[in-house]
Amino acid sequence: MKFTNTFSVAGRCEKTGALGVIVTSSSPSVGARCPWAKQGVGAVLTQNVTDPRLANIGLNVLENGFDAESAINAMKESTPFREYRQLAVVDANGDSAVFTGDKALGVHGEFSAKNVASIGNLLSDPNIPEQMGNTFLEVEGSLADRLIAAISKGFEMGGELDQEHSIGLLVYKEDAFPFVDLRIDYSDHPLDDLKRAWEIYGPQAEEYRIRAITPEAAPSYGVKGDE
């Protein structure tokens, strides 16, 4: 069995209340398994030997008014294999919490502060989560931009012991559906591909939101039949 490695960031925008997560891994399709969020509730990461079911447990706890630490505790208590799990939560108030089990893979690390939580395993540098978290707190811009900047810091520091192949970015603003949900499922350059996708999608993201909420006010994209 090949072990795959992962590092990630969950964050909240203090100005807007937006919630988001970004995660990269040497395994394919990490965006389908590890990052979770819900508008007005929180952002959850579940990774290492990943059990995606834990994310729903954490989000349900948050939705019932409990904080990030309570969500972490509930996820830990819900699995008989907590020693294999690595978890991170940022709740709607910006409180954060992290957990790394005793059997986390290789060199691992974690970091939590107001509005941010970051975790990683099989890392080239145990300080990557802390530096990603600090980068998130220091940079300005949209939540998506800050999450991309944070994970870019992880890449700059050497990232994983194996090459990253997939990446996912998920952001919720004021709606029940995601404002941004971008995934690179397999690539030799997933971060570059995600940045390119964000360059294309970012300027249009609000327009797609308008199409959902107030379609009569939606702009034309100039495609056939929609001039």
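The values are calculated or read from the model by the stated rules, or taken from the named source; none is laboratory data. Note that this is a predicted model, so its numbers are computed, not measured. Please note: Cβ atoms are built from the backbone with ideal geometry, for glycine as well, and neighbour counts cover all protein chains shown. Each accessible area value is taken on the protein alone, full model and side chains, heavy atoms only, with ligands, DNA and RNA left out. Shrake-Rupley method; radii C 1.70, N 1.55, O 1.52, S 1.80 Å.
A few remarks follow.
- Check: the range 42-126 dipole with +1 on Lys, Arg Cβ and -1 on Asp, Glu Cβ, in debye: 180 debye
- Each Lys and Arg adds +1 at its Cβ and each Asp and Glu adds -1 at its Cβ; summed about the Cα centre, the chain shows a dipole of about 420 debye.
- 12 Å beta-carbon shell around residue 43, net charge (K/R +1, D/E -1): 0
- Note on residue 163 and residue 200: their simple-model spin labels are 2.2 nm apart, each label 7 Å out from Cα toward Cβ.
- For the range 4-215, the mean projected area of the C-alpha convex hull, equal to one quarter of the hull surface, is 10.4 nm².
- Between residue 177 and residue 114, the FRET efficiency from the beta-carbon distance, with R0 = 22 Å, is close to 0.25.
- Cα centre as origin, Lys/Arg/Asp/Glu Cβ charges: the range 1-91 dipole, Debye: 320 debye
- Projecting the Cα atoms of 166, 194, 73 onto the charge dipole of the range 4-215, computed from C-beta unit charges around the Cα centre, puts 73 farthest toward the positive end.
- Residue of 205, 150, 113 that the Gaussian network model of the chain assigns the largest fluctuation, springs spanning Cα pairs under 10 Å: 205
- GluC sites (Glu not before Pro) restricted to the range 103-206 and DSSP loop, no more than 11 other C-beta within 10 Å: 140
- Applying a DSSP loop filter and a limit of 13 other Cβ atoms within 10 Å to the chymotrypsin sites (Phe, Trp or Tyr not before Pro) in the range 26-101 leaves 81.
- Probe 1.4 Å, protein heavy atoms only - accessible area per residue of the range 1-156 in square angstrom: 40 Å²
- Normalised contact order of the range 57-196, rounded percent, pairs of Cα under 8 Å and 6 or more residues apart: 13 percent
- Carbon/sulfur fraction of accessible area - the chain, other protein chains in place, 1.4 Å, %: 49 percent
- If you wrap the tightest convex hull around every Cα atom of the range 1-81 and split its volume per residue, you get 93 Å³.
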